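The structure under discussion appears below in the form of structure tokens.
Computed from the coordinates by the stated procedures, all read-outs in this text should not be read as laboratory data. Keep in mind that what you see is a predicted model, and the values were worked out from it rather than measured. All Cβ positions, glycine included, derive from the backbone under ideal geometry; neighbour counts span all protein chains shown.
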Amino acid sequence: MSMSKNKKILMMLAKGGTSQADIAAALHVSKRDVSAGAKAMREYGLTFDAVSTMDADVVDDLFFPKEEREPNDAYLQQDMAPLVERKKRSRKLPVKLFWIEYCERAEAAGKLAYSYQMFSRLFAEEAERMDATRHFVHEPGAKCFIGWAGDVAHLTDKLLGTKTKVYVLVVTLPFSGKFWAEGFCDMR
């Protein structure tokens, strides 16, 4: 049985020595979730031993309760399940297209439309509920991704006013999310 992400958050916080940002990156969770865990640790005076003996479901229910909000009638409510199904059939369809269609329907109905950020969150929650998401599991240190970044940058010499092209090489470690970047005058 695997440990819940919430319990892992509390375990890492209780152990100490790691910043909240690093915990979020290591566990692939939001900084908000780690901050909520830190708040629970302070409020309940939790220790590493106490957290390690708790059942994962108890941790989820006590310290990370799901808050259910009533939908606001001023906003057009979108059933996300058909959109998730559409996305599963055609993975290249962007969620932004769904949002644009939703905004047009909301305007026609005389209702408010959710922001793109909120719409995307609702879409992601429904995809998770329908088990339509794919998570990549990366082993620490097993691989890295290397590539030249986007457009060519320019470095300007302030004394001479000359511009030099700079190509940026980026190396990313997928497990930790850490990266390294350096500029070079050529791609050799």
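Length available on full extension from K165 to T47: 0.36 nm per residue minus the Cα-Cα distance, which gives 37.1 nm.
Computed packing ranks the peptides 114-123, 159-168, 29-38 as 29-38, 114-123, 159-168, most packed first, by mean other Cβ atoms within 10 Å. The calculated 222 nm mean residue ellipticity attributable to helices in the chain amounts to -13500 deg cm²/dmol, summing -39500 (n - 2.57) over DSSP H runs of n ≥ 4 and dividing by all residues.
Computed about its Cα centre, the charge dipole of the chain is approximately 800 debye, with only Lys, Arg, Asp and Glu carrying charge at their Cβ.
Ordering A149, T172, F64 by the projection of their Cα atoms onto the charge dipole of the chain, which places +1 on the Cβ of Lys and Arg and -1 on the Cβ of Asp and Glu, puts A149 at the extreme positive end.
Going by a ≥ b ≥ c, the root eigenvalues of the Cα gyration tensor, does the chain fall in the rounded group (a/c under 1.5), the prolate group (a/b larger than b/c) or the oblate group? It comes out oblate by the Cα gyration axes. Comparing Cα centroids, the range 121-188 and the range 73-107 end up 29 angstrom apart.
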